[in-house]
Amino acid sequence: MFSYIYGYHPVLMSLEKDSLVKAKKVLLVAKKHSELLVKLKKLNIPFEYISLEKMNNLLKTTKHQNICLQVADYRYFELDEIFNRAPKHKFYRFLVCDKITDPHNFGSMLRIAAGNDFDCVVILSRNQVQVNSTVAKAAAGALSVVPICQVSNLSNTINFLQQKHFWMLAADKNDQAVNYQDLKYDHHLALIIGSEGEGVSNNILKKADYVVAIPMSEKIESFNASVACGIIANNIYLKTK
């Protein structure tokens, strides 16, 4: 089975030698992208010209910039594989998604995780959007950089991470929440972001070592999931890089 990554920059990043996605073939609408063609020939990756109508039908979108990459179906990682690698910085940093269902939000969160040197993203195998072409487009190449671990039970995964001395940080606005800027982040940590409608699940909140909130104007109730993720993740990055 094949999946597709579309858009010029996501395709280009997916062709890097250390990419986590396995390229099969590039499909193009027009005879341009000379820089890309040089790379394809160097990497011995086949390419094919197809009609605009065929690409639109194949991808079910017109927002592909006349290019897509056919890849093997995404291979999710096991947590043990992540721990077999050294952390990117002194401590491991994980992003944990609690039932994120919007593919654009999820793709943005993958991009945030990659841009802030997180070691992996953890998602549920159900009640959670999985990797697809829309996610890949929104991630803007992050699929090739940050590994994604798929788990069946988030509660058990959190227990496992806490046994490995992780701090669990749940983003939420409640009476126990502390300002996200006040923590030192001098431990292995996992940042938990909940869905747009429900936020972090109650059973997951109860397991968190810290509930963190972003100070903001009272004129609006909250940021969306990916925006909140970006603000907190970048603060973690700046304090621990």
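The values are calculated or read from the model by the stated rules, or taken from the named source; none is laboratory data. These figures come from a predicted structure and were not determined experimentally. Glycine also receives a Cβ, built like all others from the backbone with ideal geometry; neighbour counts cover every protein chain displayed.
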Could you check Asn159 against (1) of a type in the set (S, T, N, Q); (2) under 26 Å from His104 (Cα atoms); (3) modelled with pLDDT of 90 or more and say which number it fails?
(2)
Given the conditions (1) crowded, with 18+ Cβ neighbours inside 10 Å; (2) closer than 19 Å to Gln176 by Cβ; (3) modelled with pLDDT under 90, and given that Thr240 satisfies all but one, which numbered condition is not satisfied?
(2)
If we ask which residues in the stretch 93-126 are under 18 Å from Leu238 (Cα atoms), touching a Lys or Arg at 6+ places or on another chain (Cβ under 8 Å) and surrounded by fewer than 24 Cβ atoms within 10 Å (Cβ to Cβ), their number turns out to be 3
Is it the case that Leu20 is at pLDDT below 85 and in contact with a Gly (Cβ under 8 Å, 6 or more places away or on another chain)?
no
Test Asp117 against the stated conditions and say whether it is part of a loop (DSSP other than H, G, I, E, B), under 27 Å from Cys229 (Cα atoms) and modelled with pLDDT under 90.
no
Please work out which residue is surrounded by the fewest Cβ atoms within 10 Å (Cβ to Cβ), limiting yourself to the stretch 78-89 and to residues that are within 18 Å of the chain's Cα centre (by Cα) and assigned to a loop (DSSP other than H, G, I, E, B).
Glu78
Can you name every residue in the stretch 197-214 that is assigned to a helix (DSSP H, G or I), out of contact with any helix residue (DSSP H, G or I) (no Cβ under 8 Å at 6 or more places or on another chain) and either among the polar types (S, T, N, Q) or closer than 18 Å to Val121 by Cβ (or both)?
Asn202
Based on this model, can you work out whether Ala136 counts as under 19 Å from Ile158 (Cβ atoms), out of contact with any Ser or Thr (no Cβ under 6 Å at 6 or more places or on another chain), part of a helix (DSSP H, G or I) and not assigned by TED's automatic domain parsing to the domain that holds Pro10?
no
Given (1) out of contact with any Lys or Arg (no Cβ under 9 Å at 6 or more places or on another chain); (2) surrounded by fewer than 16 Cβ atoms within 10 Å (Cβ to Cβ); (3) farther than 20 Å from Ile112 by Cα, identify the lone condition not met by Asn224.
(3)
Just one listed residue, out of Asp175, Asp209, Asp186, is loosely packed, with under 11 Cβ neighbours inside 10 Å and either closer than 30 Å to Leu69 by Cβ or acidic (Asp, Glu) (or both), and it is Asp175
Which one of Val131, Val122, Val146 is of a type outside the set (S, T, N, Q), part of a strand (DSSP E or B) and either outside the structural domain of Ile231 (by TED's automatic domain parsing) or closer than 25 Å to Glu16 by Cα (or both)?
Val122
Those residues of the stretch 146-172 which are in contact with a Phe, Trp or Tyr (Cβ under 8 Å, 6 or more places away or on another chain), surrounded by fewer than 21 Cβ atoms within 10 Å (Cβ to Cβ) and over 20 Å from Phe77 (Cβ atoms), in sequence order
Trp167
Residue under evaluation Ser217, criteria (1) touching a residue at least 24 places away in the same chain (Cβ under 8 Å); (2) among the polar types (S, T, N, Q); (3) surrounded by fewer than 15 Cβ atoms within 10 Å (Cβ to Cβ); (4) not in a helix (DSSP H, G or I), criterion not met:
(1)
Looking only at the stretch 135-145, decide whether some residue is surrounded by 17 or more Cβ atoms within 10 Å (Cβ to Cβ), over 22 Å from Ala72 (Cβ atoms) and free of Cβ contacts under 8 Å to residues at least 60 places away in the same chain.
no
